Structure formats: structure tokens, C-alpha cells
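Encoded as C-alpha cells, the structure appears first; notes follow it.
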Amino acid sequence: MSVRLEVADGVALVTLHRPGRHNAIDLETAGGLRDTWRELRSDDGVRAVVLTGAGDRAFCTGLDRSAEAPQPSSPYSIDDPLLTVGPKSCDLWKPIVAAVNGMACGGAFYLLGESEFLIAAETATFFDPHTTYGMVSAYEAIGMAQRMPFGEVARMSLMGTAERLSAARAYEIGLVSEVVPARELPAAALRAASVLASYPTEAVQGTVRAVWSAREAARAQALAGAPHLIALGNLPPERQAALFTDRSRDFRTR
């Protein structure tokens, strides 16, 4: 199973389990995430969720490049398999604590953007590779613009693979709420989720919904334009593949 679910004491632990692929999301994993969020919606025994990735190298590196996602011929339509992998897109309003271990990049921001708050290992890094490979960062940048200062999200989205945000810098700018040693990450995330699970669930979910309502109008407006920006700005797939093949592995962490 590429998505693993464990439940104990009112807390669900959801783990992306493809460590050999840096927990990248293929179509099976995308379906597994959707099914998991929908299952948790109707499980009254679950009152809070921790989301993490298997292993210590990566939380998630976005869409697996081997995934085939056929596109419609119309320039007005885009089939993005990641649009429904997040909990909010599946109408789950139980609080999500993201435990970020290792790399989090690209399509990982669909998941992080729909989490209530992030706890990161000291070894965690954040970056967005889209522009390096000739792709528009639209949905990812929009999600992160809700969580980061404008200049920081613009820099991360534009600098591509040349730079990575360290966990310490992510904490400084408010993307991450807590940084802990890698070995302490699971316990820290579960501890926070356990507190949330101990409170009356109606009040907790109502608060989650209220916080999200403060930004939904701007987010919805931005997302409406994303498909057109992607259609206009993305290079043809063969040119993207060539850029990926010839990519440099040098980067600066700040």
C-alpha cells in the first residue's frame, strides 16, 4: 500500500509509503489519498490527523514523473491528478498536522497547503522545481502564498532547484511552527495531534473551518486562473523531459 493508515486514541497517522521514490505521488497513491480522506470523514473515532512520509529522505517530492496523466485536447481544460489529494479538497475538516521529514517539494505543497500547521525535522528542506523544468508553478505557489510572505514564496517558486529552504529558515518565515531533531519528529507531531483530539471535535472542526474561511475567497479566485497560466506557460512535455534529464544537482540551502 502506498498510503498507510493507523489509528490510535482518536489520532490517525497517514503515511505516504513510497520511500524508494521519495514518496512521490503516482496515480495509485493519489487515489489512496482521496480514499483515505473520505474514509476519515465518516470515522467519528478520528478527531485529528498526522500526515507524514516514510523514511528520512523525503516527506514527498510531488507527482511521480513516471505517472501518465492524459490531457484533454481543449486548452481550457487540464486534468491535474494532484488537485484532489489534499484533505480539504475531499471535504475533510478535521485538523491535519504535517510532519515534514526530509525533502518537501513541488506537488508536496498540495498536501502542505491543506494542512493546519507544519512540524519539521531539522533535516527538512523545501523547494519548488517547476521553473527549472519549464513548468509554471501555479497551484503550488498559490497554496504556499497562503502560508508564506510574498517575497519568500516568489523566491522559492522562481529559483527552482537552485535553492532550498532549510527547516530553520522555514520556521523564521512562519511556514513551519516547530523544528525538532529528526528522531523526535513523529512524537512531536503525534503529541500536538493528541491535544487536538482531546478537545470537543465540534469546536475544533468549527475553528478549522473558520480559519480557512478567512482565505477561501482569494484562494478560489487565484485557483480559477491557474489552468490558463499553466496552459500558456508550460513547455511541451518532451522539452520538460530534456530539462529534467540534463538537470544540475547543485543547489544552495538557505
| Relative contact order of region 85-215, pairs being alpha-carbon contacts under 8 Å that are 6 or more residues apart, as % | 30 percent
| Karplus (6.51, -1.76, 1.60) ³J(HN,Hα), θ = phi - 60°, over region 100-116, in Hz, Gly and Pro reported as x | 9, 10, x, 6, 9, 8, x, x, 4, 6, 4, 7, 5, x, 10, 9, 6
| 3J(HN,Hα) from dihedral phi, region 151-163, Karplus parametrisation 6.51/-1.76/1.60, rounded to Hz, x for glycine, proline | x, 6, 5, 5, 5, 4, 5, 8, 6, x, 7, 6, 9
| query | How would 155, 18 line up by accessible area, probe 1.4 Å, largest first? | reply | 155, 18
| field | Candidates 124, 203, 58, ranked by Gaussian network fluctuation over the chain, Cα under 10 Å, top entry | value | 203
| note | Share of accessible surface on carbon and sulfur in region 24-82, whole %, 1.4 Å probe and ligands ignored, is 44 percent
| What's the FRET efficiency of residue 162 with residue 4 using the Cβ-Cβ distance as r and R₀ = 45 Å, to the nearest 0.05? | 0.85
| message | Looking only at the chain, where both bridge partners belong to it, what percent of the DSSP beta bridges are antiparallel (to the nearest 5)? | response | 25 percent
| field | In nm, spacing of pseudo-spin labels at residue 212 and residue 83 (7 Å Cα→C-beta vector) | value | 1.7 nm
| Where the centroid of each part is defined by its Cα atoms, how far is region 43-66 from region 159-201 in Å? | 13 Å
| Computed E for residue 169/residue 223 - FRET, C-beta separation, R0 30 angstrom, nearest 0.05 | 0.65
| request: Calculate the dipole size of the chain relative to its Cα centre from +1 charges on Lys and Arg beta carbons and -1 charges on Asp and Glu beta carbons; express the result in debye to the nearest 20. | output: 440 debye
| remark: Sorting 253, 5, 104 by the position of each Cα along the dipole of the chain (Lys, Arg +1; Asp, Glu -1; all at Cβ), the one nearest the positive end of that ordering is 253
| message | Quick query: amide H of residue 164 versus all other amide H atoms, modeled in the peptide plane; which residues come in under 5 Å with a sequence gap of 5 or more or a different chain? | response | 252, 253, 254
| said: Using only the alpha-carbon atoms, how far is helix 201-233 inclined from the longest principal axis of the chain? Give it as 0 to 90 degrees, nearest 10. | reply: 10 degrees
| note | 1/(1 + (r/R0)^6) with r = Cβ-Cβ of residue 205 and residue 177, R0 = 25 Å, i.e. FRET efficiency to nearest 0.05, evaluates to 0.80
| task | For residue 239 paired with residue 68, estimate the spin-label separation in nm (one decimal), with each label point 7 Å from Cα along the Cα-to-Cβ line. | result | 2.5 nm
| request: Let me know the shape class of region 23-120, please: from the alpha-carbon gyration tensor, a ≥ b ≥ c as square roots of the eigenvalues, rounded when a/c is under 1.5, otherwise prolate if a/b is greater than b/c, or oblate. | output: oblate
| If you place +1 on the Cβ of every Lys and Arg, -1 on the Cβ of every Asp and Glu, and leave all else neutral, what size is the dipole of region 45-156 about its Cα centre, to the nearest 20 Debye? | 200 debye
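The values are calculated or read from the model by the stated rules, or taken from the named source; none is laboratory data. In this text the structure is predicted, and so the values were computed from the model without any measurement. Glycine gets a Cβ as well: all are built from the backbone with ideal geometry, and neighbour counts include every protein chain shown. When the accessible area is computed, the model is the full protein with side chains, heavy atoms only, and any ligands, DNA or RNA have been set aside. Shrake-Rupley method; radii C 1.70, N 1.55, O 1.52, S 1.80 Å.
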